[in-house]
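Participant: Please see the structure below; I have some questions.
What follows is calculated from the coordinates using simple rules that are stated; it is not laboratory data. Not measured: the values here are computed from a predicted model. Virtual Cβ from ideal backbone geometry, glycine too; neighbours counted across all protein chains shown.
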Amino acid sequence: TVNNAEEEIQFWKMKAESLVEKIDFRSRRDVLKKYGPGPHYVRITVSLSTSPDVSESLLLKMAPLDIMSHTIQIFMNLIEEKMYVGGTFLLARDHILVAGPFDAFDPENNQRLEEKMVEEGYFPDGTLLFHQYTPEYPHTRYTVGFSSTGGPLFYINIKDNVEAHGPNEGDVEGDPVFAAVVEGFDVIQKILALPQNEDESFETRVQIVDTYVVEIDSK
């Protein structure tokens, strides 16, 4: 009957909500055990083909742990496990700069990166077990979000994208946004100034050469 169907839907909805709460709780617990209460920072070091002997970096400050526990844990794991090392900044559009564990310039490296992501369970179905979004931490300029698939691709908002990537009628949740760039704005501008192909990909490689979680005292 209709009533039985509605009751079953409600039952599974409650089960799903309970599962999400448990995952988020355990993610928060794991981050606290591993890195302390925060604030938490990660550094991404890059090498531009225009100056391959010079490494430059971005420093990201993670969102408050209480509002984005699962997403923060996954991204910090990706950083610490060096899943992005060897990857590249792929393309720039008028509103975002996109990076990930992919290399369009070296097929063998790209295959190695993909195999590693598959082996660790981060690809091809996304890194997140569920999407998180909160209006407390919207897509403002220089914040960092996962793609709509939930990673591993991530992007830096190079302008305010609250409406473009936040909740809307077609995508109630909005893209997960979990960090903000706090150092390296000049590096972003150097990347954005690089020549691009017609598909908005970069003509030359911008490689991620290292990633690591930064201790608060040494950030």
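Participant: How big is the stretch 2-48 along each principal axis, measuring the range of its Cα positions in Å and listing the largest first?
Facilitator: Ordered largest first, the stretch 2-48 gives principal extents of 59, 31, 12 Å.
Participant: Give Lys13/Lys82; Lys61/Lys159; Lys33/Lys82; Lys61/Lys190; Lys33/Lys190 a once-over and call out the pairs whose C-alpha atoms are over 28 Å from each other. Mind dumping the intermediate values first?
Facilitator: On the way: Lys13/Lys82 36 Å; Lys61/Lys159 18 Å; Lys33/Lys82 20 Å; Lys61/Lys190 21 Å; Lys33/Lys190 37 Å.
The answer is Lys13/Lys82; Lys33/Lys190.
Participant: Of Pro195, Val182, Ser49, which is farthest on the positive side of the dipole of the chain, counting Cα position, with +1 on Lys and Arg Cβ, -1 on Asp and Glu Cβ, and the Cα centre as origin?
Facilitator: Working it through, the farthest residue towards the positive pole turns out to be Val182.
Participant: Then there is this: At Glu136 and Gln189, where each label point lies 7 Å from the Cα along Cα→Cβ, what is the point-to-point distance in nanometres?
Facilitator: Rounded to a tenth, the inter-label distance reads 3.4 nm.
Participant: Here's another thing I want to ask about it. Give a residue-ordered list of calculated ³J(HN,Hα) values for the stretch 33-49 (Karplus: 6.51 cos²θ - 1.76 cosθ + 1.60, θ = phi - 60°; whole Hz; x for Gly, Pro).
Facilitator: Values per residue, Gly and Pro as x: 5, 7, 10, x, x, x, x, 10, 10, 9, 10, 10, 9, 10, 10, 8, 5 Hz.
Participant: Pull up all non-local amide H partners of Val206: gap of 5 or more, or a different chain, and H-to-H distance under 5 Å with H placed in the peptide plane.
Facilitator: Those lying under 5 Å, H to H, from Val206 are Phe89.
Participant: Among [x] 22.3, 74; [y] 16.8, 49; [z] 18.4, 69, which one is Rg and Dmax of the Cα atoms in Å computed from these coordinates?
Facilitator: The listed entry that was calculated here is [z].
Participant: Taking the Cβ of Ile96 as the center, what net charge do the other residues with Cβ under 13 Å away carry, scoring Lys and Arg +1 and Asp and Glu -1? Don't skip to the answer; put the middle values down first.
Facilitator: Working: positive: Arg93, Arg141, Lys159; negative: Asp94, Asp160, Asp175, Glu200.
Once all neighbours under 13 Å are counted, the net charge is -1.
Participant: Could I ask something else about it? Any idea how far apart Val209 and Glu120 come out in nm if each label point goes 7 Å out from Cα toward Cβ?
Facilitator: 2.1 nm
Participant: Glu183's amide H: which non-local residues (gap 5+, or another chain) put their own amide H closer than 5 Å, with H modeled 1.01 Å from N in plane and none for Pro or chain starts?
Facilitator: Leu59
Participant: Testing the spin-label approximation: label points 7 Å from Cα along Cα→Cβ at Ser18 and Glu80. State their distance in nm.
Facilitator: 3.0 nm
Participant: Once the other residues with Cβ under 14 Å from the Cβ of Leu48 are scored (Lys, Arg +1; Asp, Glu -1), what is the net sum? Don't jump to the answer; show the numbers that get you there.
Facilitator: Values: positive: Lys190, Arg205; negative: Asp53, Glu56, Asp186, Glu203.
Residues close to Leu48 contribute a combined charge of -2.
Participant: Additional query: Give the longest segment of the chain that steers clear of GluC sites (Glu not before Pro) in DSSP loops with at most 16 neighbouring Cβ atoms within 10 Å, not counting the sites themselves. Working shown, then result.
Facilitator: Details: sites that count: Glu81, Glu120, Glu136, Glu169, Glu173, Glu198, Glu200, Glu203, Glu215.
Formally, the longest exposed-site-free interval is 1-80.
Participant: Once phi is turned into ³J(HN,Hα) by the Karplus curve 6.51 cos²θ - 1.76 cosθ + 1.60 with θ = phi - 60°, what whole-Hz value does each residue of the stretch 68-82 show in order, with x for glycine and proline?
Facilitator: Listing the rounded values in order: 8, 4, 5, 5, 5, 4, 4, 5, 5, 5, 4, 5, 5, 7, 6 Hz.
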